[in-house]
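Working notes for the structure below.
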């Protein structure tokens, strides 16, 4: 591995044992900082299942979106630094608790530690390993996880470079995300389902789910995203799932962006839902009223 960190499109090119880059992660590459490791029941039904997703929340983030609900860990970096050996133990502990899968949330800035941990225990995990990320990834980094990740669950936040630059300081978001999705799809080109089901909902064993959160005042960008998903070439209605989300909740940081300092309206969300349905996507459409406090768990070092 390189001593200089270039794991994400920021390409900070810094020695993280000496100083932190944009994501603020610092320390030995064999270690990772996590804020919580526990069963989580608020993912898509095919992920959470009956027993919950074995979710590991990694601290720090390369996006730091102004509307982030997990700001305590994404920006403030709350959490505890652990070794890759402890991380491997955590994966097994979550499996023993009955987790339907191992769910790595915002993980790629700790890629080296995660891969070492998975090398230790992947053969003992008879449940899928899932990467849950913000979409602003390097395809080269995603390639490192080929054979390790069974389910990819990335966000597709923006198509507009103006919006991604304004709200996440990355005008190159869409181009990098597209390349990352294509690599994810190369690794998991079809949806494979488990025999097990919960309340009639099958559990996903392998595949790609792309999430999109509709933002206030940005539904036109959401419509552009749906058009891209419908015509990008490597995706079809049958080889990935779309998860459309309405749970946007203004944060204190949104006070500096008055256009974001409100909920998504019924009109805005219905425009996006109507188009998604007309295009025939498979997946999930969140009810507009579904934003709940439970979606943001306490980052209290549970399971660390």
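The values are calculated or read from the model by the stated rules, or taken from the named source; none is laboratory data. Keep in mind it's a predicted model, so treat the numbers as computed, not measured. For neighbour counting, all protein chains shown are included, and Cβ atoms are generated from backbone atoms with ideal geometry for every residue, glycine included.
To keep it simple, each residue is scored yes or no on (1) farther than 28 Å from residue 195 by Cα; (2) touching a strand residue (DSSP E or B) at 6+ places or on another chain (Cβ under 9 Å).
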| position | (1), (2) |
| --- | --- |
| 92 | no, no |
| 98 | no, yes |
| 102 | no, yes |
| 118 | no, yes |
| 138 | yes, no |
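Considering only residues that are in contact (Cβ under 8 Å) with a residue 24 or more places away in the chain, more than 18 Å from residue 103 (Cβ to Cβ) and surrounded by fewer than 24 Cβ atoms within 10 Å (Cβ to Cβ), which ones fall in the range 21-67?
22, 24, 27, 29, 30, 31, 64, 66, 67 - these are the residues of the range 21-67 that are in contact (Cβ under 8 Å) with a residue 24 or more places away in the chain, more than 18 Å from residue 103 (Cβ to Cβ) and surrounded by fewer than 24 Cβ atoms within 10 Å (Cβ to Cβ).
If residue 243 satisfies every condition in (1) at pLDDT 95 or above; (2) out of contact with any strand residue (DSSP E or B) (no Cβ under 9 Å at 6 or more places or on another chain) but one, which is the exception?
Only one criterion is unmet by residue 243, namely (2).
Let me confirm something: among 171, 154, which residue is closer than 30 Å to residue 254 by Cα, surrounded by fewer than 23 Cβ atoms within 10 Å (Cβ to Cβ) and free of Cβ contacts under 8 Å to residues at least 12 places away in the same chain?
Among 171, 154, only 171 is closer than 30 Å to residue 254 by Cα, surrounded by fewer than 23 Cβ atoms within 10 Å (Cβ to Cβ) and free of Cβ contacts under 8 Å to residues at least 12 places away in the same chain.
Look at residue 167 and say whether it is assigned to a loop (DSSP other than H, G, I, E, B) and either out of contact with any strand residue (DSSP E or B) (no Cβ under 7 Å at 6 or more places or on another chain) or over 17 Å from residue 106 (Cβ atoms) (or both). Walk me through how you get there before you give the answer.
Values: assigned to a loop (DSSP other than H, G, I, E, B): no; either out of contact with any strand residue (DSSP E or B) (no Cβ under 7 Å at 6 or more places or on another chain) or over 17 Å from residue 106 (Cβ atoms) (or both): yes.
So residue 167 fails the test.
Consider only pairs whose beta carbons are under 6 Å apart and that are at least six residues apart or on different chains; among these, list those whose first residue lies in the range 110-135 and is without any contact (Cβ under 8 Å) to a residue 12 or more places away in the chain and whose second residue is surrounded by 23 or more Cβ atoms within 10 Å (Cβ to Cβ) and not in a helix (DSSP H, G or I).
No pair meets every condition.
Quick check on my filter: what residues within the range 1-24 are modelled with pLDDT of 95 or more, closer than 15 Å to residue 112 by Cα and out of contact with any strand residue (DSSP E or B) (no Cβ under 7 Å at 6 or more places or on another chain)?
Result: 6, 7, 8, 15.
Among the residues of the range 1-20 satisfying the criterion of being in contact (Cβ under 8 Å) with a residue 12 or more places away in the chain, under 19 Å from residue 77 (Cα atoms) and surrounded by 15 or more Cβ atoms within 10 Å (Cβ to Cβ), which is farthest from the chain's Cα centre (by Cα)?
16
Before we move on, is residue 80 at pLDDT 95 or above and within 23 Å of residue 124 (Cβ to Cβ)?
Working: at pLDDT 95 or above: yes; within 23 Å of residue 124 (Cβ to Cβ): no.
The answer is no for residue 80.
Out of the residues in the range 184-225 that are part of a loop (DSSP other than H, G, I, E, B), out of contact with any strand residue (DSSP E or B) (no Cβ under 6 Å at 6 or more places or on another chain) and in contact (Cβ under 8 Å) with a residue 12 or more places away in the chain, which is surrounded by the fewest Cβ atoms within 10 Å (Cβ to Cβ)?
First pass over the range 184-225, keeping only residues part of a loop (DSSP other than H, G, I, E, B): 188-191, 199-200, 214-218.
With the extra rule that they be out of contact with any strand residue (DSSP E or B) (no Cβ under 6 Å at 6 or more places or on another chain), the set shrinks to 189-190, 199-200, 214-218.
Adding the requirement that they be in contact (Cβ under 8 Å) with a residue 12 or more places away in the chain leaves 189-190, 199, 214-218.
On the way: 189: 14, 190: 12, 199: 7, 214: 24, 215: 20, 216: 20, 217: 15, 218: 24.
Ranking the candidates gives 199 first.
Looking at the range 276-288, is at least one residue assigned to a helix (DSSP H, G or I) and crowded, with 16+ Cβ neighbours inside 10 Å? Step through it out loud before you land on a result.
From the range 276-288, those assigned to a helix (DSSP H, G or I) are 276-279; that's our starting set.
Going one step further and asking which of them are crowded, with 16+ Cβ neighbours inside 10 Å, we end up with 276.
Yes; the residues of the range 276-288 include at least one that is assigned to a helix (DSSP H, G or I) and crowded, with 16+ Cβ neighbours inside 10 Å.
Look through 252, 278 and report the one residue that is under 30 Å from residue 37 (Cα atoms), without any contact (Cβ under 8 Å) to a residue 24 or more places away in the chain and out of contact with any strand residue (DSSP E or B) (no Cβ under 7 Å at 6 or more places or on another chain).
Working: 278 fails: under 30 Å from residue 37 (Cα atoms).
On inspection, the qualifying residue turns out to be 252.
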